[in-house]
Amino acid sequence: MPDMTAVQAASLWSGLLVLLLVLLSVRVVMARRSHRVLLGDGGVAQVTLAGRVFGNAAEYIPAGIAALALLALLGMPVMAIHIIGGLLLAGRVVHAVSLSDKRPTAGRVAGMALTFLALIGAGSMLVVHAFV
């Protein structure tokens, strides 16, 4: 990783985030299949939960990927991109695992805090760079 460019770093984290979305989507499909639900959640709590875990990730990951791409295109330091990408991935994984617990946990709060930290950091860098 020491010789990675900003675009390569953004690609790494974006790819990992996309793979996380696919994994969470597969969990929805598997829950639907196991409960024979063709569309929606069928009123089955496990399917509802799997859908919300995926949906929550799908609400935050695209903005993070877009921010990573723009940061790379602007030539931000590779380490900054690694930090933003790592925080976002960690936040989404921690949140997904904690949300799957079916009850409020410190992990849900930590996952959202990491996600917000990544997005606020990326957003701030983008706004500052717009005026520099």
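Expressed as a whole percentage, what fraction of the accessible surface of the chain belongs to carbon and sulfur atoms when a 1.4 Å probe is rolled over the protein heavy atoms? Don't jump to the answer; show the numbers that get you there.
Values: 5420 of 7510 Å².
That fraction is 72 percent.
Peptides 117-124, 87-94, 65-72 ordered by packing proxy, namely the average of other Cβ atoms within 10 Å per residue, highest first: 87-94, 65-72, 117-124. Once Rg and the Kirkwood radius are both taken over the C-alpha atoms of the chain, their ratio Rg/Rh works out to 1.06. Along segment 70-85 the Karplus relation, 6.51 cos²θ - 1.76 cosθ + 1.60 evaluated at θ = phi - 60°, assigns HN-Hα couplings of 5, 4, 5, 5, 7, x, 5, x, 4, 4, 5, 5, 4, 5, 4, x Hz to successive residues, with x for each Gly and Pro.
Accessible surface calculations at 1.4 Å, restricted to protein heavy atoms, place the chain at 57 Å² per residue. If you take the square roots of the eigenvalues of the alpha-carbon gyration tensor of segment 72-132 and sort them as a ≥ b ≥ c, do you get rounded (a/c under 1.5), prolate (a/b over b/c) or oblate? Prolate, because a/c is 1.5 or more and a/b exceeds b/c.
The values are calculated or read from the model by the stated rules, or taken from the named source; none is laboratory data. What you see is a predicted model, and the numbers here were worked out from it, not measured in a lab. Cβ atoms come from the backbone with ideal geometry, glycine included; neighbour counts cover every protein chain shown. We work out accessible area using only protein heavy atoms, side chains counted, and drop any ligands, DNA or RNA first. Shrake-Rupley method; radii C 1.70, N 1.55, O 1.52, S 1.80 Å.
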